[in-house]
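Trainee: Would you mind keeping the following structure in view while I ask a few things?
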Amino acid sequence: MIFFRHTTGIHYTDELVEWVLLRLSSKGIEKVREGSVPVPKGFFDQENAPMFPSEVLTGIRKYFRGIVTVSLPSKYLLMRILELPSTNPQELKSMVELQMDQLSPYPIDQLTMSYEVVHSTENHSRVLAVAASRKVVDSLGDLFKAKHIYVRSVDAEVLTWWSLLARGDLQFTDRGRF
């Protein structure tokens, strides 16, 4: 997630739109406010339903500050764990692009991609590579823009969870849930 003084993160499922406003301070990252609203009943059941229920934004956009990041649900993503023979960031980027080009049903110029190194040794990297159709990402951005909310970045839902786990920002309950 890109971070400036304030960042708003938005996550959605078929049932709920959740948001959190975070602030970067001398103490680290602080949660300022969070909330959720239900997705209107039957929204995703309608024919040609948009990929996000943008009408819910009207009542909550007043809480958003700074950079807005939206997590894209996994159903819109092509994800793979790749074993790559390098740890050099430039080489990894090229290797991920090559591998995802071979795996994707879309041409490489119609994708947006990212990856996260999940394990590395001296000369080997295991990465979680993620790609999404540019059309999907642009459609999501357009839905927000129509409500005067400008999305600065789109994150893969699974990578958001991974980075929280890797940094130790999630607190688990005694039942192994957070």
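The values are calculated or read from the model by the stated rules, or taken from the named source; none is laboratory data. Please read these numbers as outputs of a predicted model, since none were measured by experiment. Glycine also receives a Cβ, built like all others from the backbone with ideal geometry; neighbour counts cover every protein chain displayed.
Trainee: Let me confirm something: among VAL68, VAL56, which residue is in a strand (DSSP E or B), closer than 27 Å to ARG23 by Cβ, at pLDDT 90 or above and among the hydrophobic types (A, V, I, L, M, F, W, C)?
Mentor: From the options VAL68, VAL56, the qualifying one is VAL68.
Trainee: Tell me which residues, restricted to the stretch 73-107, are in contact with a helix residue (DSSP H, G or I) (Cβ under 9 Å, 6 or more places away or on another chain), exposed (fewer than 14 other Cβ atoms within 10 Å of the Cβ) and modelled with pLDDT under 90.
Mentor: If the condition is that a residue be in contact with a helix residue (DSSP H, G or I) (Cβ under 9 Å, 6 or more places away or on another chain), exposed (fewer than 14 other Cβ atoms within 10 Å of the Cβ) and modelled with pLDDT under 90, then SER74 is the only one that fits.
Trainee: Still on this structure: If you scan the stretch 113-148, which residues turn out to be in a strand (DSSP E or B) and touching a residue at least 40 places away in the same chain (Cβ under 8 Å)? Show your work before the answer.
Mentor: Of the residues in the stretch 113-148, the ones in a strand (DSSP E or B) are 113-120, 125-133.
Selection gives SER114, GLU116, VAL118, SER125, ARG126, VAL127, LEU128, ALA129, VAL130, ALA131, ALA132, SER133.
Trainee: Could you give me the residue pairs with C-beta distances under 8 Å whose first residue belongs to the stretch 78-105 and is over 19 Å from THR121 (Cβ atoms), whose second residue is among the hydroxyl-bearing types (Ser, Thr, Tyr) and not in a helix (DSSP H, G or I) wherever it lies, and which are 6+ apart or on separate chains?
Mentor: Hits for this filter: LEU78/SER104.
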